[in-house]
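Inspection log for the structure reproduced underneath, given as structure tokens.
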Amino acid sequence: MIDQSKFTTVHFPGNHQGHDTSNIAESMNASLIAIRELGIVPMLDAIWTKYMATRTARQDASLRLKVTQTLTPYSEALLRKSLD
């Protein structure tokens, strides 16, 4: 769990765009906790693989959108939820 003193809500009570801490490095460290235990080359390879898989999944999802569609399904769901 992340230390409460690192939360941005202390200083900025608005939307945090999915980041729980005031420091993006803290968010990255939390997402890479298991990877940090590897040696340097396997660590770099694991980071590259993880983020390329994420990028590829997002690109594939965007290519499946209709030509006339202006919002991603995630954005549309978020907008509908906030409108409700």
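The values are calculated or read from the model by the stated rules, or taken from the named source; none is laboratory data. Values in this document were obtained by computation on a predicted structure and should not be read as measured data. Please note: Cβ atoms are built from the backbone with ideal geometry, for glycine as well, and neighbour counts cover all protein chains shown. Note: areas computed on protein heavy atoms with side chains; ligands, DNA, RNA excluded. Shrake-Rupley method; radii C 1.70, N 1.55, O 1.52, S 1.80 Å.
Here are the numbers for this structure:
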read-out	value
Among residues of the range 28-41, those that are open to solvent by 70 Å² or more (accessible area, probe 1.4 Å) and either under 19 Å from Tyr74 (Cβ atoms) or part of a helix (DSSP H, G or I) (or both), counted	5
Residue match in the range 47-61 (condition: of a type in the set (D, E, K, R), modelled with pLDDT under 90 and exposed (fewer than 10 other Cβ atoms within 10 Å of the Cβ))	yes
